[in-house]
Amino acid sequence: MTEAVYARQSVEKKNSISIEGQIDLCQRAAGQKLTAYQDRGYSGKNTQRPAFQRLLRDVQAGRIGKLYVYRLDRFSRSVADFGRLWEILKANNVEFVSVNENFDTSTPMGRAMLHIIMVFAQLERETTAERVRDNYYRRASLGSWPGGPAPYGFTLGRAHDATGRLVPTLSVHPEQCEVVLRIFQAYAAEDASLGSVARALNDAGIPGPLRDTWDNVSLSRLLHNPAYVMADEQVYLHYQALGAKISSPVEDFDGVHGVLLVGKRDRAQKKYSDVHEHSVSVLNSAGFVPSQLWLACQGKLLRNRQVGNAGKGRHTWLSGLLKCGSCGYSLKVTKDKLRRYLHCSGRYNLSKCGADISVGLDELELAVGEAIQQLLDECPEAPAEIPRDDPHQRRLEELDRRADRLIDAFSEGENLSSAYLHRALGRLEEERSLILAAQKREDSRPVLPSRLVFGSLSFDEKKAVAAQLIRKIEIINVWAV
């Protein structure tokens, strides 16, 4: 059994200690050379770091007796994640030492300090995140660009606001704004589609915002962006009808300035068109797409109906993981009466990829399935679960007690009206229904065996396991995982 050190650095900064420095300080504290595990360029929030995962495998294999880190946040930056990791270390009798915080979990005081530090570190990160979020929305409400890169067609600069402060603002990019206007004008044509506009741009050799080519997704994002519009009263009414929260008065929609739309997007529902409860404010920078043209495109986008995704990803449990090794675009599945094949969407949809890919899915799935089974076989047996009290049953019993107390109070003549009693019992019954539904969902979950046999899993189960174990599969002329 050996002693080890784990070191991590997400980015190299002048005021941050290097990986080599972390390892050196830990070895000095240990008084000996340590087995080093190091991840360069990974955030502490990402638990899928390569060396980190290799370290956990060695811990569970019983190869490590003591683990050193320079500082706790080099190991984990989440209380929940660290709690899980600490349970793994304890279960395998691994002592944990943080050199910078000066504690050792082989002592009771060190274990107590460990949890206290994690709680305060999490509190500090959440407070910082809240300040950043509040500052973001305040900038947006005042018309300043809140942060991040400028949209295609603009460059990012700074200008004085009404109070004389320098704030971020957008300036028109001369060449790119012509492309943006061309896109809006082309899409507004009656017979145009996102695909036809993308093909025209690619045929003209015009590079996209992030790639050399345009596709439906990049065009849809651009066309939905209100920063381009010369926003007038009609744009105000457009967002009002969509249920957005408009923080700027209608007088600010002067037909000159663009609009900023901020809010979380639910990937599962109307990714771009649903702006209900989003915040809208007039930017301090000018737009360049006429309001009538912009609104015509929005109307066309709203009339579009997404094709249902009921059959998406049903041809293979590897869907979403398969990428072209030449252009990076997803691979699509075609099939004949006997076999299924993979083809590059960048080659056939955009005519911009030179890779000639034609891979049989049967052979690919067989090979990937064997590789996954090998990984599953290397996993330790899951410990038998200890029976625990049913929390749903305890909550149901508590509801019964609350109902009994209400009825007793009413029967004793306390100051309770029959209407109040009826409403209170109704709320308890609604809560009971929710608990029973949750209990039914948990009871209906399938119980997986302690040792998974990948070939015996259903299609959806295979897809879920593959998504957990594989980031992507790049296909060239021969497949590679």
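The values are calculated or read from the model by the stated rules, or taken from the named source; none is laboratory data. Since the structure is predicted, the reported quantities are computational estimates derived from the model, not experimental observations. Ideal geometry is used to build each Cβ from the backbone, glycine not excepted, and the neighbour counts take in all protein chains shown. In case anyone asks, the SASA skips ligands and DNA or RNA and just uses the protein heavy atoms, side chains included. Shrake-Rupley method; radii C 1.70, N 1.55, O 1.52, S 1.80 Å.
Separation of the alpha carbons by more than 22 angstrom is noted, of 332/462; 323/462; 332/472; 45/462, for 45/462. Extending 7 Å from Cα along the Cβ direction at residue 464 and again at residue 186 yields two label points whose distance is 4.3 nm.
Between residue 193 and residue 141, the FRET efficiency estimated from the beta carbon spacing at R0 = 30 angstrom works out to 0.25. Only protein atoms count toward the accessible area here, which uses a 1.4 Å probe; on region 175-284, the carbon and sulfur part of that area reaches 48 percent.
Rolling a 1.4 angstrom probe over the protein heavy atoms with all chains in place gives region 134-191 an accessible area of 59 Å² per residue.
For region 7-56, just say rounded, prolate or oblate: build the C-alpha gyration tensor, square-root its eigenvalues into a ≥ b ≥ c, call rounded for a/c under 1.5, and beyond that prolate if a/b exceeds b/c, oblate if not. List each step's numbers first, then the result.
Working: a/c = 2.97, a/b = 1.21, b/c = 2.46.
Oblate shape, in that a/c is at least 1.5 and b/c is the bigger or equal ratio.
Taking a sphere under 11 Å around the Cβ of residue 27 and counting the other residues whose Cβ falls inside, with K and R at +1 and D and E at -1, yields a net charge of -1. Taking label positions 7 Å along the Cα-Cβ direction at both residue 175 and residue 156, the computed distance is 2.1 nm, reported to one decimal.
Give the shape of region 1-87 as rounded, prolate or oblate, defined through the alpha-carbon gyration tensor: a ≥ b ≥ c are the square roots of its eigenvalues, a/c under 1.5 means rounded, and otherwise the shape is prolate if a/b is larger than b/c and oblate if not. Mind dumping the intermediate values first?
Numbers: a/c = 1.75, a/b = 1.07, b/c = 1.63.
Judged from the Cα gyration tensor, region 1-87 comes out oblate (a/c at least 1.5, b/c at or above a/b).
Measuring nothing but protein heavy atoms, the accessible surface of region 34-115 at 1.4 Å probe radius is 46 percent carbon and sulfur. The modelled label-to-label distance for the pair residue 398/residue 24, using points 7 Å beyond Cα in the direction of Cβ, is 5.5 nm.
Pairs of Cα atoms nearer than 8 Å and 6+ residues apart set the relative contact order; for region 1-107 it is 31 percent.
For region 136-209, trypsin sites (Lys or Arg not before Pro) meeting the loop criterion (DSSP other than H, G, I, E, B) and having at most 12 other Cβ atoms within 10 Å: 165.
What is the calculated FRET efficiency for residue 119 to residue 90, with r their C-beta to C-beta distance and R₀ = 25 Å, to the nearest 0.05?
Values: r = 18 Å, r/R0 = 0.72.
Working from the Cβ atoms, E equals 0.85.
Only Cα sites of region 47-97 enter the Debye sum here, all with the same form factor; the resulting log10 I(q)/I(0) across q = 0.22 1/Å is -0.82, listed in q order.
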